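Trainee: Take this structure first; my questions come after.
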Amino acid sequence: MRRQLLEQVLKFSVLGAVNFALTFAVFTGLLKLLSLNYLVSLLAAWFVGVVFMYVTNFVWVFQRSQTLHFDRRFLKFLATGIVSIILNMLALHLMVERCGFDAFLAQVFLMPFVVAFNFLAAKFVSFARGT
């Protein structure tokens, strides 16, 4: 059990690093290159990341079956992802608008908290045994 948990955490962390690079590239490109609003940029990057993380978590981290299914697990994953992005957007908004932080640096600061929340939600809600 401990070995399996450690393996899942390591795999999730590797995917998290890839997802971080992917979503942060989308966020940065939309924010800096296309000059989109920072919340719109974050939402678009989040959507790309949700699809990437669901597929890779389903297949590699939690290995729920041989065939990828977009079923109630996906709906749970999406729901916890929505909670995550809302919390992330609220924290980012507060840091930018109320505290005067740079949007880019504020999002860098928030990422470890977002990752921890997302792992726990995936493990114990979306991909929990019996779901």
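Trainee: Which members of region 1-12 meet the condition of being over 11 Å from the mean Cα position of the chain (by Cα) and within 18 Å of Phe58 (Cα to Cα)? It would help to see each step written out before you state the result.
Mentor: First pass over region 1-12, keeping only residues over 11 Å from the mean Cα position of the chain (by Cα): 1-11.
Within region 1-12, Gln4, Leu5, Leu6, Glu7, Gln8, Val9, Leu10, Lys11 qualify.
Trainee: Given the criterion of a type in the set (Phe, Trp, Tyr), open to solvent by less than 30 Å² (accessible area, probe 1.4 Å), more than 20 Å from Ala21 (Cα to Cα) and within 11 Å of the chain's Cα centre (by Cα), identify the matching residue among Phe77, Phe119.
Mentor: The unique qualifying residue is Phe77.
Listed here are the residues, each with its yes/no results for (1) of a type in the set (D, E, K, R); (2) modelled with pLDDT of 90 or more; (3) closer than 16 Å to Arg129 by Cα.
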site	(1), (2), (3)
Phe20	no, no, no
Trp46	no, no, no
Phe52	no, yes, no
His69	no, no, yes
Leu87	no, yes, no
Leu94	no, yes, no
Cys99	no, yes, no
Phe109	no, yes, no
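Trainee: Of the residues in region 1-59, how many are of a type in the set (Gly, Ala, Ser) and more than 20 Å from Leu87 (Cβ to Cβ)?
Mentor: Number satisfying all stated conditions: 6.
Residues are listed down the side, and each one gets a yes or a no for (1) open to solvent by 60 Å² or more (accessible area, probe 1.4 Å); (2) without any contact (Cβ under 8 Å) to a residue 60 or more places away in the chain; (3) acidic (Asp, Glu):
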residue	(1), (2), (3)
Arg2	yes, yes, no
Gln8	no, no, no
Lys11	no, yes, no
Thr28	no, no, no
Leu39	no, yes, no
Leu42	no, no, no
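Trainee: If I filter region 75-96 for residues that are assigned to a helix (DSSP H, G or I), free of Cβ contacts under 8 Å to residues at least 24 places away in the same chain and in contact with a Leu (Cβ under 6 Å, 6 or more places away or on another chain), do I get at least one hit?
Mentor: yes
Trainee: Do we have Val61 as under 17 Å from Val115 (Cβ atoms), of a type in the set (A, V, I, L, M, F, W, C) and open to solvent by 30 Å² or more (accessible area, probe 1.4 Å) here?
Mentor: no
The values are calculated or read from the model by the stated rules, or taken from the named source; none is laboratory data. Since we're looking at a predicted model, the values are computed, not measured. Glycine gets a Cβ as well: all are built from the backbone with ideal geometry, and neighbour counts include every protein chain shown. Heads up: the accessible areas ignore ligands, DNA and RNA and are worked out on the full protein's heavy atoms, side chains in. Shrake-Rupley method; radii C 1.70, N 1.55, O 1.52, S 1.80 Å.
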